[in-house]
Amino acid sequence: MDGTYILGIESSCDETAAAVVKDGRTVLSNVIDSQIEIHTLYGGVVPEIASRKHIEKITQVIDAALKQAGLPLEKMDAVSVTYGPGLVGALLVGVGAAKGIAYAADKPLVPVHHIEGHIAATYIEYPELEPPFLCLVVSGGHTHLVRVMDYDCFEVIGRTHDDAAGEAFDKVARAIGLGYPGGPKIDKAAREGNPAAIDFPRAKISGAEFDFSFSGVKSAVLNYLNQCEMKQMEVNRADVAASFQQAVVDVLVERSVAAAKRLGEKRLAVAGGVAANSALRKAMKEACDREGIALCYPSPVYCTDNAAMIAAQGYYEFIKGHRADFTLNAVPNLTVGEDRF
């Protein structure tokens with residue numbers, strides 16, 4: 001059987017996922033068990049509950065991924081797993097499962113950085129895409145501008161100084177009564193609102209032109225809501241959502257395109273959960289078209305946490321010779337480009 005087959009395991013937050021990917025590009029299976037319904041009851045992810053649910057589901061999703069791919073574990077060339085960053089308890093479940101499977105089946109164990117996995121999601125749908133290129137990774141926990149110099153070589157040229165963009169979406173959605181998860185609900189509500197109704201700030205970081213800060217715009221929304229309450233003014237939730245979203249999108253697009261131009265990169269990828277946002281996709285496409293930059297972004301299923309992206313990056317780690325032994329541990333605060341395991 002030709003090709004290299006990687007089993008990927010992802011459990012960094014509230015999705016228990018497993019996938020089988022051939023040669024880093026062809027997805028044979030991608031099974032995701034989401035915990036959104038239970039965490040919605042609490043308005044956000046509860047780490048202890050997430051860990052327990054991962055324990056309940058991890059074996060089931062791995063079995064389902066192998067069955068969906070139509071391949072036995074023996075045919076896998078390696079087992080790849082997210083080992084950071086993320087919730088430590090959640091990560092430990094996936095790492096423990098991967099170590100057990102790799103040991104029992106005598107397969108190489110390949111650790112994968114979660115953010116680098118998000119970047120690899122673009123390879124799945126853009127078979128022509130190869131490094132070097134620039135990638136905006138924007139999610140609930142991360143907002144990074146990453147220069148991808150090789151499949152295993154990354155340089156962070158911009159990052160958030162406080163809230164990640166997705167985190168700000170969640171907090172604003174909660175504040176205006178939309179609930180969790182905030183990203184899709186803000187996106188939907190914004191379609192009914194006026195993005196120019198309220199002038200929320202677009203933060204710039206002195207001395208770090210490609211960095212981000214979303215704490216200020218979040219606070220501006222909260223202050224606006226408090227002022228409306230004190231003045232007994234009716235709040236148009238759609239206008240608030242649209243105006244907030246526009247402020248965030250403007251910053252993400254402006255920084256990303258400016259960085260691509262400065263670095264001479266003609267290809268820009270957008271990955272992570274917020275990459276599924278319709279306003280961001282539209283604005284980024286328009287800006288890239290104006291500047292002659294080729295834009296790549298995965299389908300929504302590959303934007304949110306999934307194991308196909310972990311198997312995809314795992315393939316490139318595997319062929320580069322990266323392996324871990326059975327002392328591999330979860331690293332919740334792992335940074336992009338940090339020495340591997």
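Against the numbered list (1) in contact with a Lys or Arg (Cβ under 6 Å, 6 or more places away or on another chain); (2) touching a residue at least 40 places away in the same chain (Cβ under 8 Å), A312 comes up short only at (1). Restricting T59, T26, T16, T40 to those that are among the polar types (S, T, N, Q) and touching a strand residue (DSSP E or B) at 6+ places or on another chain (Cβ under 9 Å) reduces the list to T16. Please pick out the residue among V301, V274 that is exposed (fewer than 15 other Cβ atoms within 10 Å of the Cβ) and under 21 Å from F169 (Cβ atoms). Just a single option satisfies the conditions, and that option is V301. Among the listed residues A238, A276, A259, which satisfies the condition of being out of contact with any helix residue (DSSP H, G or I) (no Cβ under 8 Å at 6 or more places or on another chain) and either of a type in the set (A, V, I, L, M) or not assigned by TED's automatic domain parsing to the domain that holds A164 (or both)? Answer to the selection: A259.
Summed over region 25-53, residues that are under 13 Å from A90 (Cβ atoms), without any contact (Cβ under 8 Å) to a residue 12 or more places away in the chain and either outside the structural domain of V93 (by TED's automatic domain parsing) or hydrophobic (A, V, I, L, M, F, W, C) (or both) total 1.
Comparison of G292, G314 shows that the only residue that is farther than 21 Å from A69 by Cα and over 13 Å from the mean Cα position of the chain (by Cα) is G292.
Okay, residues lined up against (1) buried (at least 21 other Cβ atoms within 10 Å of the Cβ); (2) over 19 Å from the mean Cα position of the chain (by Cα); (3) charged (D, E, K, R):
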residue: G3; (1), (2), (3): no, yes, no
residue: L7; (1), (2), (3): yes, yes, no
residue: C13; (1), (2), (3): yes, no, no
residue: D23; (1), (2), (3): no, yes, yes
residue: G43; (1), (2), (3): no, yes, no
residue: E56; (1), (2), (3): no, yes, yes
residue: T59; (1), (2), (3): no, yes, no
residue: A65; (1), (2), (3): yes, yes, no
residue: P72; (1), (2), (3): no, yes, no
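Taking the stated definitions as given, is G183 under 22 Å from the mean Cα position of the chain (by Cα), closer than 30 Å to V301 by Cβ and in the same structural domain as S139 (by TED's automatic domain parsing)? It is true that G183 is under 22 Å from the mean Cα position of the chain (by Cα), closer than 30 Å to V301 by Cβ and in the same structural domain as S139 (by TED's automatic domain parsing).
Reported count of residues in region 196-233, each being surrounded by 13 or more Cβ atoms within 10 Å (Cβ to Cβ) and either touching a residue at least 60 places away in the same chain (Cβ under 8 Å) or part of a helix (DSSP H, G or I) (or both), is 14.
Of note, V251 satisfies the criterion of being surrounded by fewer than 21 Cβ atoms within 10 Å (Cβ to Cβ) and either over 26 Å from Y42 (Cβ atoms) or in contact with a helix residue (DSSP H, G or I) (Cβ under 6 Å, 6 or more places away or on another chain) (or both). Any idea which of (1) assigned to a helix (DSSP H, G or I); (2) within 17 Å of the chain's Cα centre (by Cα); (3) of a type outside the set (A, V, I, L, M) is the one N30 doesn't satisfy? Here N30 clears every test but (1).
Let's see how each residue does on (1) modelled with pLDDT of 95 or more; (2) on the phi > 0 side of the Ramachandran plot; (3) among the aromatic types (F, W, Y):
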position	(1), (2), (3)
E229	no, no, no
F244	yes, no, yes
V257	yes, no, no
A260	yes, no, no
E265	yes, no, no
V270	yes, no, no
A279	yes, no, no
K282	yes, no, no
C288	yes, no, no
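Scanning region 276-296 for residues that are basic (K, R) and within 22 Å of A242 (Cβ to Cβ) yields R281, K282, K285.
Residues that are more than 15 Å from V137 (Cα to Cα), part of a helix (DSSP H, G or I) and hydroxyl-bearing (S, T, Y) do occur in region 241-257, at least one of them.
For region 155-175, residues that are surrounded by fewer than 23 Cβ atoms within 10 Å (Cβ to Cβ) and among the hydrophobic types (A, V, I, L, M, F, W, C) total 3.
Scanning region 53-69 for residues that are in a strand (DSSP E or B) and closer than 15 Å to G314 by Cβ turns up nothing. One residue stands out among those in region 210-222 that are more than 12 Å from V251 (Cβ to Cβ) and not aliphatic (A, V, I, L, M): the one that is farthest from the chain's Cα centre (by Cα), which is S219.
The values are calculated or read from the model by the stated rules, or taken from the named source; none is laboratory data. Every value quoted in this text rests on a predicted model; they were computed, and no experiment measured them. A quick note on method: Cβ atoms are made from the backbone with ideal geometry, for glycine too, and the neighbour counts reach across all protein chains shown.
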